[in-house]
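Quick notes on the structure that follows.
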Amino acid sequence: MKVIVLGAGIVGVTSAYQLAKSGHDVTVVDRQPGPALETSFANAGEVSFGYCSPWAAPGIPMKAMKWLFMKHAPLILRPKLDMAMLSWMARMLSNCTSERYAINKSRMLRLADYSRIALADLRAETGIAYDERMQGTLQLFRTQQQLDASAKDVKALAADGIPYEVLDRDGCIRFEPALRHVRDKIVGGLLTPKDETGDCFKFTNELAAKAEALGVRFAYGTTIKALDVEAGRVRGVITDRERMSAEAVVVALGSYSPLLLEPLGIRLPVYPVKGYSLTIPITDASRAPESTVMDETYKIAITRLGDRIRVGGMAEISGYTNDLGLARRSTLEHSVTDLFPGGDISRASFWSGLRPMTPDGTPVIGPTKIAGLFLNTGHGTLGWTMSTGSARLIGDLVSGGQPEIDARDLAISRYG
């Protein structure tokens, strides 16, 4: 079929590559001059097959109230008269129960583990290189209370057969030797050894080139105006340059997906949650992390990417604004210098991006009520992690095949 993929971020490019492999005639449309220039550009670098959890969890409402008054808060809320924001927040709060957490985390782990297999296959198939490492994620706890609270995650990992290891202080230092300089600041950690790291921007650009070699066309610098729908079926896409015809369209526009779909009566509960990152050159390898350390106190991920450290995190709910707040930079600097002192922060580059979050933390993948229109969006902080598995699913669904894993509860129909 003739398929148009909307969005050239990590999810759009992996989808296009998979669809081309399935034999489709694929065009990717994006307003940017190249791939991965928005949310995929400088994310935290985690490929977290084991360390993936819904933000909506038991106890989060109370924690959120405390976070709002912290100097280095992981959550920043800028409320406004925005019905989409208020509705999204209300739905998220309704998912903060033990029952919903277990269901949502199980969905996420299912897709993440599928992506682990898909990414390994893709590496073997293409030889793609992107500063990748396969050394796991260490969720680092500064307090005994945090360590005790990880029991719910351990239970979910065990139930889904995901490898993990609970570490004491010495175990954390064995895994990340640079932590010996701050041993008194930590009590333990949760290690998910199958997790990986890598530069999402590099990966997306490399894969876009390989997709082009398969015949995929990329229409960069092209603004999407509307979807062309007639008699309940998608017929193509209207852009600022031309009308493009297609037999199927995949919407992979991240946070902007709901804005395109709303005129068609499709209510997609995806809302932008801004994250920030610093990229710092490594000046002393003995004081840098080996893989990813997730600072549980500040919800900051500190990841080694080749000769750089990527420090990413925080959740700012402020709508479609992408300004760089200096207070957010201060939080990133505090976390990384507190755990890995000695780096040259003055040489760091500062960035922000809008994560497409669903209220339950699970992406939306699958068909819509409009024939030929598919969604692959709402991955939140885990677009890099879930991209290859999501692409396989969308490839099967667009082609009319049977996915290798159950994808029914990932579709937009779960929202009623």
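Can you name the residue in region 301-316 that is among the aliphatic types (A, V, I, L, M) and at pLDDT below 95 and, of all such residues, is surrounded by the fewest Cβ atoms within 10 Å (Cβ to Cβ)?
Initially, region 301-316 is screened for residues among the aliphatic types (A, V, I, L, M), giving 301-302, 305, 309, 311, 314-315.
Subset that is at pLDDT below 95: 314-315.
On the way: 314: 24, 315: 21.
By that ranking, first place goes to 315.
Only residues that are in a helix (DSSP H, G or I) and either open to solvent by 10 Å² or more (accessible area, probe 1.4 Å) or aromatic (Phe, Trp, Tyr) (or both): list them for region 190-211, please.
Step one: of region 190-211, the residues in a helix (DSSP H, G or I) are 200-211.
Answer for region 190-211, where residues must be in a helix (DSSP H, G or I) and either open to solvent by 10 Å² or more (accessible area, probe 1.4 Å) or aromatic (Phe, Trp, Tyr) (or both): 201, 202, 203, 205, 206, 209, 210.
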- Tally time: how many residues in region 31-78 are touching a Ser or Thr at 6+ places or on another chain (Cβ under 7 Å) and charged (D, E, K, R)? 3
- Item | Selection from region 1-41 of residues that are part of a loop (DSSP other than H, G, I, E, B) and surrounded by 24 or more Cβ atoms within 10 Å (Cβ to Cβ) | 7, 8, 9, 30, 35, 36, 39, 40
- Message: residue 92 - would you say it is open to solvent by 70 Å² or more (accessible area, probe 1.4 Å) and either in contact with a strand residue (DSSP E or B) (Cβ under 7 Å, 6 or more places away or on another chain) or over 15 Å from residue 275 (Cβ atoms) (or both)?
- Response: no
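Which residue, of 384, 351, is aromatic (Phe, Trp, Tyr) and buried (at least 21 other Cβ atoms within 10 Å of the Cβ)?
Working: 351 fails: buried (at least 21 other Cβ atoms within 10 Å of the Cβ).
Among 384, 351, only 384 is aromatic (Phe, Trp, Tyr) and buried (at least 21 other Cβ atoms within 10 Å of the Cβ).
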- Message: Pairs please, first residue from region 209-230 and in contact (Cβ under 8 Å) with a residue 40 or more places away in the chain and over 28 Å from residue 369 (Cα atoms), second anywhere and in a helix (DSSP H, G or I) and of a type in the set (Val, Ile, Thr), Cβ atoms under 6 Å, 6+ apart in sequence or on different chains.
- Response: 210/126
- All positions within region 395-416 that are surrounded by 13 or more Cβ atoms within 10 Å (Cβ to Cβ), assigned to a loop (DSSP other than H, G, I, E, B) and in contact with a helix residue (DSSP H, G or I) (Cβ under 8 Å, 6 or more places away or on another chain): 403, 404, 405, 407
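The values are calculated or read from the model by the stated rules, or taken from the named source; none is laboratory data. Owing to the predicted nature of the structure, the values given are computational and were not obtained by experimental measurement. Please note: Cβ atoms are built from the backbone with ideal geometry, for glycine as well, and neighbour counts cover all protein chains shown. The protein model used for the area step is the full one, side chains on, heavy atoms only, and it has no ligands, DNA or RNA in it. Shrake-Rupley method; radii C 1.70, N 1.55, O 1.52, S 1.80 Å.
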